[in-house]
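Trainee: Let me begin by handing over the structure; questions about it come next.
The values are calculated or read from the model by the stated rules, or taken from the named source; none is laboratory data. Since the model is a prediction, treat every value here as computed from it, not as a measurement. Quick reminder, even Gly has a Cβ in these numbers, built from the backbone with ideal geometry, and neighbours come from all protein chains shown. For the accessible areas, the whole protein counts, side chains as well, though only heavy atoms, and no ligand, DNA or RNA atoms are used. Shrake-Rupley method; radii C 1.70, N 1.55, O 1.52, S 1.80 Å.
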2 protein chains.
Amino acid sequence: MSVKDENVVFVGKKPTTAYVFAVVTQFSDGQNEVHIKARGKSINKAVDIAEIVRNRFVQNVDVSIGISTEKLMGERDEINVSCESLSTYSTLI
Amino acid sequence: MSVKDENVVFVGKKPTTAYVFAVVTQFSDGQNEVHIKARGKSINKAVDIAEIVRNRFVQNVDVSIGISTEKLMGERDEINVSCESLSTYSTLI
């Protein structure tokens, strides 16, 4: 993970709580923004993570959301996969 | 479905293409904005729908996304369910 990706959390197959913990830790460490990124079937988990972080752990968080499509190599052909990026910003600066 | 909900597509268990068709039809019928709403595990399908609509069927569409949490009655307790609303706007007016 490069320095640039420090405040990015990529959502995969771990339990939701693992990613919630990762995001909350970044905010406790002084980050003002943390980006939660997910592809395909992990997108609903990413939304859960953002909602749990802002409702239970970190106060005054704004969320800005973008979606896009990436082309990945499937078994035979290129396949289109939807991606979602949830940028969470602490408004307490 | 009330008149107010005319331009809202609620995503459930039907195939993705059914909802894509519903959204595209609304735009063809002259709507300038269509809202795609989903809860829980349907959220990733809603993102697919918005991406397919804007990449393949309707040109010049902007998407604005909001997330929230709703409380639903589960079998025993109230459960929190994440919701996502993708508002698609035609910028050709």
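Trainee: Given the -39500 (n - 2.57) contribution per DSSP H run of 4+ residues, what per-residue ellipticity at 222 nm results for the protein assembly as shown, rounded to the nearest 500 deg cm²/dmol?
Mentor: The helix-only estimate for the protein assembly as shown comes to -7500 deg cm²/dmol at 222 nm.
Trainee: Additional query: Counting pairs on different chains as well as pairs 8 or more places apart, how many Lys pairs in chain A have Cα atoms under 12 Å apart?
Mentor: 4
Trainee: Would you tally the net charge around B:ILE65, using a Cβ to Cβ cut-off of less than 9 Å, leaving B:ILE65 out, and scoring K and R as +1, D and E as -1?
Mentor: Computed value for this residue: -2.
Trainee: Using the Karplus curve 6.51 cos²θ - 1.76 cosθ + 1.60 with θ = phi - 60°, work out ³J(HN,Hα) for each residue of segment A:7-17 in order, rounded to whole Hz, and write x for Gly and Pro.
Mentor: 9, 10, 10, 8, 8, x, 8, 5, x, 3, 4
Trainee: Further question on the same structure: Can you compute log10 of I(q)/I(0) for chain A with the Debye formula, treating each Cα as one identical point scatterer, at q = 0.10, 0.14, 0.22 Å⁻¹?
Mentor: These q points yield log10 I(q)/I(0) values of -0.27, -0.50, -1.08.
Trainee: FRET efficiency for B:ILE79 and A:ASN60, Cβ-Cβ distance as r, R0 = 25 Å, nearest 0.05?
Mentor: Between B:ILE79 and A:ASN60 the formula returns 0.45.
Trainee: Still on this structure: Sorted from largest down, give the three principal axis spans of the alpha carbons of the protein assembly as shown, whole angstrom values.
Mentor: Computed over the Cα atoms, the extents are 51, 43, 34 Å.
Trainee: Which one of B:VAL53, B:GLN26, B:GLY40 has its Cα pushed farthest toward the positive end of the charge dipole of segment B:9-65, where Lys and Arg give +1 and Asp and Glu give -1 at the Cβ?
Mentor: Result: B:GLY40, furthest along the dipole toward the positive end.
Trainee: Taking the Cα centre of chain B as origin, sum charge times position over the Cβ atoms of Lys and Arg (+1) and Asp and Glu (-1), and report the length of that vector in debye to the nearest 20.
Mentor: Result for chain B is approximately 260 debye, rounded to the nearest 20.
Trainee: If I compute solvent accessible area with a 1.4 Å probe over the protein chains, what percent of it on segment B:1-66 is carbon and sulfur?
Mentor: 50
Trainee: Which whole-number percent gives the relative contact order of chain B, counting Cα pairs below 8 Å spaced six or more residues apart?
Mentor: 31
Trainee: Could you identify which residue out of A:ASN60, A:ASN80, A:ASN44 has the top mean-square fluctuation in a GNM of chain A using Cα springs shorter than 10 Å?
Mentor: A:ASN80
Trainee: Is any residue of segment B:32-70 close enough, with backbone N under 13 Å, to a label point placed 7 angstrom from the Cα of A:LYS41 along the Cα-Cβ axis, and if so, which?
Mentor: What the label zone holds, given the 13 Å backbone N cut-off, is B:41-42, B:44-45.
Trainee: Test of the criteria: in segment B:41-93, which GluC sites (Glu not before Pro) are in a DSSP loop and have at most 15 other Cβ atoms within 10 angstrom of their Cβ?
Mentor: Passing both the DSSP loop test and the Cβ count: B:GLU75.
Trainee: Let me ask something else. Given springs between every Cα pair under 10 Å in a Gaussian network model of chain A, which of A:ALA22, A:ALA50, A:ALA38 has the largest fluctuation?
Mentor: A:ALA22
Trainee: Each label point is 7 Å from the Cα along the Cα-to-Cβ direction; what then is the distance between the points at A:ASN32 and B:GLN31, in nm?
Mentor: That separation, rounded to one decimal, is 3.9 nm.
Trainee: Ok, one more. Check which residues have an amide H placed less than 5 Å from B:ILE36's amide H, if you skip close sequence neighbours.
Mentor: Distant-sequence amide H within range of B:ILE36: B:VAL9, B:LEU86, B:SER87, B:THR88.
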